[in-house]
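Student: Here it is, the structure in full.
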Amino acid sequence: MSEQEKRKTTAGGALLRFWQSVSVPLGAVVLALIIGAVIIEVSGASAWDAYASLAKGAFGNAAGWRRTLEKTTPLIFSGLAVAFAFKAGLFNIGAQGQLLFGAITAAWVGFAVHGLPPGIHAAVALTAGAIAGGLYGAIPGALKTYTGAHEVITTIMLNYVAMGFTDYLANGPLKDTSPGNIVARTPNILPSAKLPTWSWLPFGFLLAVAAAAVVWWILQHTTLGFEIRTVGQNPHAARYAGMKVARTVILTMVISALLAGMGGAVETQGVVGRYEPGFNANLGFDGITVALLGKTAPFGVIPAALLLGAMRAGSNVMQFHAHVAQEITDVVQALMLFFVAADVIVRWLLRMKAAEEGEKITLSTGWGSH
């Protein structure tokens, strides 16, 4: 075989592998949109007008792009958090609680710490939020390692702990005591702690893309990344090879939670400007959808988050112009998750073979398997 033929064969194989990796998520999105269109038509509205209004609201002008990227940014972080844990065979459903701790910690540093210059103050608040999330993620990691408690159960329970505790802080020790305020929220962060936005481009979005690149580099080009992937594929073989599985599990959960905490901090510093219960609702849970749509690949998370962010950003315009309830976007999102999880349906419709065993996403290892 000539060198040119080898290059063609290699290029063809690469294209085939790329198609195999994106076909199921794309198929899931298309199927979800089709079923969503049927629901919209049955409700008496026009599916064409609804989707056109959705796209216009998300990408029609600079303000739309800004809203879309602001909605996308925390989804990238939470998606990366879930995807990173997947690589070690862990299912981190606690990104919501970790994100909340990151958000309220960044808010506290943002309004309580004075005298720092703008860039430094923003960086300190962001770092504090990330660390708070990471420390909270160490709890389920340690419980799994030393007691065998499954991370699915512990992270779900810790979500409720985080929701209750942050609500208490926002309505108690950290509550905004300015005259006239009666709601649970912290004071506004100082201008020096805010993350900038240039026209339609939020700085937080650039941080999220950089985080995806760092996660990819860690997983593909470091010893830690090799150990994480090995533990995820076969923890017993990893232990036999001399890897410290317990340390790897805990460290993976810490890094995963750190990413979620950073997402909460960026939301506080770049969008909301304070911590207020309800403004961060479901951002961590949506990370599961983002991670699965992105096939748990760091760079796959970005377009998946952008899709969901656009749906969230354009839903108000869709409701106003096409008279379609915002909840329709939640239905479409749920359908996407359903079709990605039940990929046999998408593969049957596309007449595709099942993925190779090594390509399948491992949602979670067995009870106490690490």
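The values are calculated or read from the model by the stated rules, or taken from the named source; none is laboratory data. Computed from a predicted model, the values in this text were never measured in an experiment. Cβ atoms come from the backbone with ideal geometry, glycine included; neighbour counts cover every protein chain shown.
Residue by residue, here is whether (1) among the hydrophobic types (A, V, I, L, M, F, W, C); (2) buried (at least 24 other Cβ atoms within 10 Å of the Cβ); (3) modelled with pLDDT under 95 holds:
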site: Leu224; (1), (2), (3): yes, no, yes
site: Gln233; (1), (2), (3): no, no, yes
site: His236; (1), (2), (3): no, no, yes
site: Val245; (1), (2), (3): yes, no, yes
site: Thr252; (1), (2), (3): no, yes, no
site: Ala265; (1), (2), (3): yes, yes, no
site: Phe285; (1), (2), (3): yes, no, yes
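Student: Another one. Please indicate, with yes or no, whether at least one residue in segment 79-101 is among the aromatic types (Phe, Trp, Tyr) and not in a helix (DSSP H, G or I).
Tutor: Checking segment 79-101: at least one residue is among the aromatic types (Phe, Trp, Tyr) and not in a helix (DSSP H, G or I).
Student: Tell me, yes or no, whether segment 144-155 has at least one residue that is in a helix (DSSP H, G or I), of a type in the set (Phe, Trp, Tyr) and crowded, with 16+ Cβ neighbours inside 10 Å. So that I can check it myself, show each step before the final result.
Tutor: First pass over segment 144-155, keeping only residues in a helix (DSSP H, G or I): 144-147, 151-155.
The next check asks that each one be of a type in the set (Phe, Trp, Tyr); those that pass are 146.
Now narrow it down to the ones that are crowded, with 16+ Cβ neighbours inside 10 Å: none.
No: segment 144-155 contains no residue that is in a helix (DSSP H, G or I), of a type in the set (Phe, Trp, Tyr) and crowded, with 16+ Cβ neighbours inside 10 Å.
Student: How many residues, within segment 250-303, are among the β-branched types (Val, Ile, Thr) and either within 20 Å of Gly27 (Cβ to Cβ) or touching a Cys at 6+ places or on another chain (Cβ under 7 Å) (or both)? Talk me through it step by step, then tell me what you get.
Tutor: As a first pass, look at segment 250-303 and keep what is among the β-branched types (Val, Ile, Thr): 250, 252, 254-255, 266, 268, 271-272, 288-290, 296, 301-302.
Next cut, either within 20 Å of Gly27 (Cβ to Cβ) or touching a Cys at 6+ places or on another chain (Cβ under 7 Å) (or both) only: 288-290, 296, 301-302.
Residues flagged as among the β-branched types (Val, Ile, Thr) and either within 20 Å of Gly27 (Cβ to Cβ) or touching a Cys at 6+ places or on another chain (Cβ under 7 Å) (or both) within segment 250-303 amount to 6.
Student: Same structure again: For segment 176-208, name all the residues that are touching a residue at least 60 places away in the same chain (Cβ under 8 Å), over 30 Å from Gly141 (Cα atoms) and among the aromatic types (Phe, Trp, Tyr).
Tutor: Those that are touching a residue at least 60 places away in the same chain (Cβ under 8 Å), over 30 Å from Gly141 (Cα atoms) and among the aromatic types (Phe, Trp, Tyr): Trp200, Phe203.
Residue by residue, here is whether (1) touching a residue at least 24 places away in the same chain (Cβ under 8 Å); (2) of a type outside the set (Gly, Ala, Ser); (3) under 20 Å from Thr197 (Cβ atoms) holds:
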site	(1), (2), (3)
Ala37	no, no, no
Arg66	yes, yes, yes
Glu70	yes, yes, yes
Ala85	yes, no, no
Gly110	yes, no, yes
Gly148	yes, no, no
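Student: Taking Gly137, is it in contact with a helix residue (DSSP H, G or I) (Cβ under 9 Å, 6 or more places away or on another chain), on the phi > 0 side of the Ramachandran plot, assigned by TED's automatic domain parsing to the domain that holds Trp200 and surrounded by 17 or more Cβ atoms within 10 Å (Cβ to Cβ)? Write out each step before concluding.
Tutor: On the way: in contact with a helix residue (DSSP H, G or I) (Cβ under 9 Å, 6 or more places away or on another chain): yes; on the phi > 0 side of the Ramachandran plot: no; assigned by TED's automatic domain parsing to the domain that holds Trp200: yes; surrounded by 17 or more Cβ atoms within 10 Å (Cβ to Cβ): yes.
Answer is no for this residue.
Student: While we're here: Assess whether Pro196 counts as being in contact with a helix residue (DSSP H, G or I) (Cβ under 7 Å, 6 or more places away or on another chain) and either more than 14 Å from Gly270 (Cβ to Cβ) or not acidic (Asp, Glu) (or both).
Tutor: Taking the combined requirement at face value, the residue satisfies it.
Student: Quick one: Pro173 ticks every box in (1) closer than 27 Å to Ala313 by Cα; (2) free of Cβ contacts under 8 Å to residues at least 24 places away in the same chain bar one, so which box is it?
Tutor: Status for Pro173: all satisfied but (1).
Student: I would also like to ask the following. If only one of Leu135, Leu158 is more than 17 Å from Asn280 (Cβ to Cβ) and either of a type in the set (Asp, Glu) or touching a residue at least 40 places away in the same chain (Cβ under 8 Å) (or both), which one is it?
Tutor: Just a single option satisfies the conditions, and that option is Leu135.
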